[in-house]
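The values are calculated or read from the model by the stated rules, or taken from the named source; none is laboratory data. Just so you know, these numbers come straight off a predicted model, no measurement behind them. Using ideal geometry, Cβ is built from the backbone for each residue, glycine included, and neighbour counts are taken over all protein chains shown. Heads up: the accessible areas ignore ligands, DNA and RNA and are worked out on the full protein's heavy atoms, side chains in. Shrake-Rupley method; radii C 1.70, N 1.55, O 1.52, S 1.80 Å.
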Amino acid sequence: MRFAVIGAGTIGQLRAQSIKANPGTELLGVADPTVAQAERAVAGSGAKALSDWRAALSLPGVQAVMVSSPIQFHEEAVLAALHAGLHVLCEKPMSNTVESCRRMLDAARASGRTLATGFNHRYYPAMKFLKQAIDDGQIGAVDHVRIFGGHDGLHNFRADWQYKAPVSGGGAMMDVGIHMTDLARFVLGEVSEVYGVASNRVLQVPGSEDNAMAIFKSPSGVAATYEATWTEWKGYQFYVEAYGEKGMVRGSYAPMQNVLITQDRPGAPRKKARRFYPEIMVREKLKSWTSTALVSFQDELVDFLRMANGEKTNLADAVAGFRAVEMAHAVYQSSKTGKPVALAKL
C-alpha cells in the first residue's frame, strides 16, 4: 500500500518511519507547511517533501493517508482524502467536536474506505497482555474496571493549541485522557452511559479541564471508573485494571508493567504474577519514549493494512474515534447538569 503523511511534527515523523520500515508499504510523500520537517520525514525514501497537504492526495499511485496534523485541521484533510477514495488513519483525537467526528464517520461509511483512529496505546505490550488475559477468561467475567491517566502540567505540551480550547476540544480528557477513554471502551466492549465531573480550578485554562472523573457503564451494566488529570504529582503515567470473579489484571505504563492475580473461585488461594519489560525501560532511557511509540505505530500499521483488506483487527476504527470524543463531551454535559448522559447505540 502506498502512503502519504500529512503533518511532519513529532508524531508525523514517527508515522513516516513506520511506513518506511514496513516491507508491505511505500512512502510517496510527506506534507507540512515547514518543508524542512517534511524533508526530514522522507529522508532516505525517495518520497516527496510537500508544503501543501492537498498535493499529497493527488500523488500518483497514492492509496492511503496518515493524518498527523494539529487537531483543528483533521476534519478537512480526512474528508478530502475519503472523497479522493483513499484509506485514512487519523491521529487521536479524531477531531475537536462531536459534530466534526460525526461528519467524518458518515463520510467514511459513504466512501466505503477505511477510516481508523490512532489509538496506539492498544498496542503497548502491557495493554495487549491485559486484553489477552481478559479475552482468555483468566479473570472470569469482568465485574468492574479502573482507569487512570495523567501528567503533571502544561509544560508537557509542545504548543499551546494542544491544550487551549476550543481548538484542543477540551482539557485533560482530550489529551492523555482520550487514550484512557478508548481503552475503557476497548475493555468494556461498548459504553452506553456516562456520568462525570470536570473542573479547571487548578490550572484555570478556560474551557480546558485539568481534572475529570467519570463512571462509564456498558449496556450490560459493567462499570469503569475513570480519571484524567493534568495535576498528577508523580508525572506521566496511566493504568487500566480489570476485576473479575476469578481475579484481576493490571496494565500500566511509565514504566511498562503488568500484574495478574488469579484464583479458581472467589475466596480460593490466589496466584500472583508480575510482568516487567526491562528492554523497553533501557531502550527508552537511550532513545526516549518515542521508541515505544514507534513500535506501537508499526504494529498499528500492520492492522491498518489488514482492516483495509476487510479483516477484523484490534485497530481503533472510525466508530472508536467518534465514541471517544463523544464520551469526553458527555462528561462535560454531565458535569453541567449533574445527571448521567445516555449514548445512542451505533
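I'm trying to understand the selection: among the residues of segment 82-99, which are among the small types (G, A, S) and in contact with a Gly (Cβ under 9 Å, 6 or more places away or on another chain)?
Residues of segment 82-99 among the small types (G, A, S): 84-85, 95.
Residues satisfying the conditions are G85, S95.
Hey, among R185, R201, which residue is farther than 28 Å from K131 by Cα, open to solvent by 30 Å² or more (accessible area, probe 1.4 Å) and either of a type in the set (K, R) or without any contact (Cβ under 8 Å) to a residue 24 or more places away in the chain (or both)?
Just a single option satisfies the conditions, and that option is R201.
Of all the helices (runs of 4 or more DSSP H) wholly in segment 1-63, which have at least 3 residues that are in contact with a Ser or Thr (Cβ under 6 Å, 6 or more places away or on another chain) and under 17 Å from F297 (Cβ atoms)?
Per the criteria, 10-21.
Scanning segment 121-167 for residues that are assigned to a helix (DSSP H, G or I) and open to solvent by less than 10 Å² (accessible area, probe 1.4 Å), which turns out farthest from E232 (Cα to Cα)?
Residue satisfying both the conditions and the ranking: A133.
Between a residue in segment 40-59 that is of a type in the set (D, E, K, R) and any residue that is open to solvent by less than 60 Å² (accessible area, probe 1.4 Å) and modelled with pLDDT of 95 or more, which pairs come within a Cβ distance under 6 Å, given they are 6 or more apart or on different chains?
Listed pairs, sorted by first residue: K48/G29.
Given the condition in contact with a Lys or Arg (Cβ under 7 Å, 6 or more places away or on another chain) and open to solvent by less than 30 Å² (accessible area, probe 1.4 Å), answer yes or no: does some residue in segment 300-310 qualify? Even if it seems obvious, please write down each step before you answer.
Going through segment 300-310, the residues in contact with a Lys or Arg (Cβ under 7 Å, 6 or more places away or on another chain) turn out to be none.
The answer is no, given that none of the residues of segment 300-310 is in contact with a Lys or Arg (Cβ under 7 Å, 6 or more places away or on another chain) and open to solvent by less than 30 Å² (accessible area, probe 1.4 Å).
Quick one: is G170 assigned to a strand (DSSP E or B), open to solvent by less than 50 Å² (accessible area, probe 1.4 Å) and either over 20 Å from S334 (Cβ atoms) or touching a residue at least 24 places away in the same chain (Cβ under 8 Å) (or both)?
no
Hand me the list of strands (runs of 3 or more DSSP E) wholly inside segment 232-307 holding 3 or more residues that are in contact (Cβ under 8 Å) with a residue 60 or more places away in the chain, more than 30 Å from H87 (Cα to Cα) and among the polar types (S, T, N, Q). Spell out the reasoning first.
Working: elements: 237-244, 247-253, 257-263, 270-276.
Counting at least 3 such residues, we get 257-263.
For (1) among the β-branched types (V, I, T); (2) modelled with pLDDT of 95 or more, each residue gets a yes or a no:
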site	(1), (2)
M256	no, yes
D264	no, no
R275	no, yes
I280	yes, yes
V295	yes, yes
L301	no, yes
H329	no, yes
Y332	no, yes
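Just to be sure I understand the filter: pairs with C-beta atoms under 8 Å, separated by 6 or more residues or on different chains, first member in segment 84-101 and modelled with pLDDT of 95 or more, second member in a loop (DSSP other than H, G, I, E, B) and among the β-branched types (V, I, T). Which pairs pass?
Close Cβ pairs (under 8 Å, with a partner that is in a loop (DSSP other than H, G, I, E, B) and among the β-branched types (V, I, T)) amount to L86/V62; H87/T114; V88/T114; N96/V167.
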